[in-house]
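Notes follow the structure.
The values are calculated or read from the model by the stated rules, or taken from the named source; none is laboratory data. Computed from a prediction, not measured in an experiment: that's the story for all the values here. Positions of Cβ are generated from backbone atoms using ideal geometry, with glycine treated the same way; all protein chains shown enter the neighbour counts. Areas reflect the complete protein model, heavy atoms only, side chains present, ligands, DNA and RNA absent. Shrake-Rupley method; radii C 1.70, N 1.55, O 1.52, S 1.80 Å.
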Amino acid sequence: MEYNKALYKAAALCSQQERCTSDIRKKLVNWELTEEECNQAVDYLTTEKYLDDERFAFYFVRDKFRFNGWGKIKIKYQLKQKGISSVFIDNALDEIDNSEYQTKLAELLHAKKKQIKNKDYWKTKSSMARFAQSRGFEPNLIFNCIDDILSDESKEHIDN
């Protein structure tokens, strides 16, 4: 594909949704642009504000947390895979409200608890922990939340 057509197409992609530099660079390479043309296109797109990795990181963090229910570990890993700067990642992750983060974890674990058929305390606890870890939440938060959920449940059984 010729340079101008590829640049136009890349700009259109960036206009539709936030993209990171590495994703656009891969597209340009797939469209068989030379390395020099890829660098030139990325520089142009960055200068014209089509591409902004910091802005991408903020949107990515917000969307993956709110809509996918991902924790900070998984989000950070995915952003690193996309070549986003650690500074941008950390700044974006700091935007997540701690109480909202813990509430999301509790909601996910309550939903998971309802799906577990096993009544054994330890198997239930390990199943919930594996689930939350696969979502990328921190182990200390996971176990505190699980203990709260399971202790609340045992209190309900005692009260009934």
**Study point:** At 0.692 mPa s and 37 °C, Stokes D of segment 1-43 from Kirkwood alpha-carbon radius, µm² per second
**Key:** 327 µm²/s
Practice item. With runs of 4+ DSSP H residues as the only contributors, calculate the mean residue ellipticity of the chain at 222 nm using -39,500 (n - 2.57) per run, divided by the residue total and rounded to the nearest 500. Key: -24500 deg cm²/dmol
Practice item. Taking the dipole about the Cα centre of segment 42-93, with the C-beta of Lys and Arg at +1 and of Asp and Glu at -1, give me whichever of Leu45, Phe56, Tyr77 is farthest to the positive side. Key: Tyr77
**Study point:** Mean separation of Cα contacts under 8 Å (6+ apart) over length of segment 17-138, as relative contact order %
**Key:** 28 percent
Review point. Using modelled amide H (1.01 Å from N, peptide plane; none on Pro or chain starts), what sits under 5 Å from the amide H of Leu51, excluding residues fewer than 5 places away?
Key: Thr46
Practice item. Would you mind getting the accessible area per residue of the chain, heavy atoms of the protein chains only, 1.4 Å probe, in Å²? Key: 63 Å²
